[in-house]
Every structure is written in structure tokens, then in C-alpha cells.
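Let me begin by presenting the structure, written as C-alpha cells, before commenting on it.
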Amino acid sequence: LGIESTGSIEEIRGKLFTYYDIKPDLENKPAENTRSIIIKSARELNYLNEISINQDYVILKGEVLLEMIDPDNNTSHKIKADKIVFNQTEKTISAYGNIEYEIIREENNEYFHGESLVFEIETWEGIFFEGVSENSRTIEYEELSSTEEVPFFFSGDYIYRSSADQIILNKGSITSSKNIEPYYRIDADKIWVLNPGEWAIKNAVLYVGRIPVFYFPFFFLQIGRAHV
């Protein structure tokens, strides 16, 4: 359409309204809670205005700890990294080096580790490069009539996390073993972790120790139902 594509989602939406001569109904729009970004610690902070591309940056370096509070979803996001770049114009955050990312919710917490990441703070969509995600799952033991919370580790060349908490791993691996060389793992070209109790894998191999024992061209699991 020839519209400048820079700016936040709200700014781009406003440009589209102007282009199509649409007047949004702002009176009935519900009030939005304000998201907060708190710099807990950083050894160095710089502001940068890149006039050539009309971008404003905040650059944090050295033992950076950032906390973001989302009152709409009652969650908080904590990031530790060697370096964090906050693009105030695009509303994105990029982090580099020794990253620890924690999502804190009322029902459970989610952890990511990796070397670099970038995500959109208005939707919480993000991509982790060379990352590991840790997420607890409830395992049911029918013979014992009991359940147990078991931490599962998802790793991949890159991990994409959507705004709906769905996770996609490229060249991924799944295990619940905490050892450096896990007792078992599933390696796959692609892994989808969808809704609770729902996931899929493509071109996957089950390893016990270092031995490959089973190949899955495609597998989809839904609690109470499985498809191979």
C-alpha cells in the first residue's frame, strides 16, 4: 500500500485507518492496563536516536535484569542477559548472552535459556536462538491413581513462542532427564507444543541413551487420543 511500516502495532493500525479513511470507535474501546518495564539492574545504560531510520533505542549492558509486568494477563516477565536492546519505536526487545527468561503466572512458571532472543512486547511473541525451554507437565499414573509434576526440557536451533503460549522448535529435542547426556530424548526436525496436553513432532527419533530405537515420520498427541 506504500505505507511506512515502522512503529508500534497501534501506530501501524492508525496508519491503516487513515489510508482507508476509517474512523475507529474509540468510545466503546475498553480501557487498557498499562504494561510496565522496570530496569532492576545494569552496569551501563545508553540512549540512542538513529535519525536515519527514525528509531529510538535504550541499550543496557552488564548483568542486566529487566522485569516487565502485564496486568491484562496477570503475568510478569523477567530477563537476565549480558546485553538488552529496547527498541522504543518498534516496541521490541532483543537480548544477547547468557539469557535467563522467566514467565511468572499464577498457575505455573515457564523458563527459557539461550544465547539470543528477540520478542514483541505488545504480544509477547518471540524467537530464542540456540534456546532451551523448561516447562512442567502433569503426568498421570493410572496404575497408581496418582499424578506428578515433571519438568520437561525443550531445546532447538531456534524456539518460537506465540502470543497464545504455543511453542514451535526447529531441529528440536525433548526430554525430562536432567543429565548432560539424558537417559532418553526425542529429536525431531520440528516440534509443536500446542495447548496443554497437545503436541506434535515431525521426522522424530526416540533415543535411549545414545541408541536410536524408534522413528516417527509424524506423531500428534492429544490427551486421550494419539495419531501416528
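The values are calculated or read from the model by the stated rules, or taken from the named source; none is laboratory data. These numbers were taken from a predicted model, which means no experiment stands behind them. All Cβ positions, glycine included, derive from the backbone under ideal geometry; neighbour counts span all protein chains shown. These accessible areas exclude ligands, DNA and RNA; they are computed on the full protein's heavy atoms, side chains included. Shrake-Rupley method; radii C 1.70, N 1.55, O 1.52, S 1.80 Å.
Longest span of the chain, sites excluded, free of trypsin sites (Lys or Arg not before Pro) in DSSP loop with at most 10 other C-beta atoms within 10 Å?
After excluding every exposed loop site, the longest remaining stretch is 44-177.
Let's test the formula: R0 of 45 Å, r as the Cβ-Cβ distance of ASN98 and PHE219. What FRET efficiency results, to the nearest 0.05?
Step by step, r from the Cβ atoms, then E = 0.85.
Distances over 15 Å make up what percent of all Cα-Cα pairs in segment 107-193?
62
What part of the accessible area of the chain, given as a whole %, is carbon or sulfur when the probe is 1.4 angstrom?
After summing per-atom areas, the C and S share lands at 52 percent.
Would you mind getting the Kirkwood hydrodynamic radius of the chain from its Cα pairs, rounded to one decimal in Å?
Evaluated on the chain, it is 20.1 Å.
How far, in nm, would the chain grow between ILE180 and PHE152 when pulled straight, counting 0.36 nm per residue and subtracting the alpha carbon separation?
8.7 nm
How large is the convex hull of the C-alpha atoms of segment 182-223 per residue, in Å³?
That works out to 74 Å³ per residue.
Might you tell me the accessible area per residue for the chain, computed with a 1.4 Å probe and given in Å²?
Using a 1.4 Å probe on heavy atoms only, each residue of the chain averages 62 Å².
Show the residues, 5+ positions off or on another chain, whose built amide H is closer than 5 Å to the amide H of GLN88.
ASP56, TYR57, VAL58
Could you state the number of Å between the C-alpha centres of segment 176-211 and segment 77-149?
Using only Cα atoms to place each centre, the spacing works out to 18 Å.
Between ILE37 and ILE211, what is the FRET efficiency for a Förster distance of 45 Å, r being their Cβ-Cβ separation, to the nearest 0.05?
Calculated value: 0.40.
Calculate how steeply helix 9-19 sits against the longest principal axis of the alpha-carbon atoms of the chain, using the helix alpha-carbon long axis, and give the answer as 0 to 90 degrees to the nearest 10.
Its long axis makes an angle of about 60 degrees.
Would you mind listing how long segment 34-164 runs along its three principal axes, going by Cα atoms, in whole Å with the largest first?
In descending order, the Cα extents are 65, 31, 25 Å.
Tell me what the chain gives for mean residue ellipticity at 222 nm when only DSSP H runs of n ≥ 4 count, each as -39,500 (n - 2.57), the sum divided by the residue total, rounded to 500 deg cm²/dmol.
Result for the chain: -1500 deg cm²/dmol, rounded to the nearest 500.
In debye to the nearest 20, how big a dipole does the chain give about its Cα centre with +1 on each Lys and Arg Cβ and -1 on each Asp and Glu Cβ?
500
Taking 0.36 nm per residue of separation and subtracting the Cα-Cα distance, what length does fully extending VAL118 through VAL132 add?
Here the answer is 3.6 nm.
List every residue whose amide H lies under 5 Å from the amide H of SER116, counting only residues 5 or more places away in sequence or on a different chain, with H placed 1.01 Å from N in the peptide plane.
Amide H neighbours of SER116, under 5 Å, 5+ apart: GLY97, PHE129.
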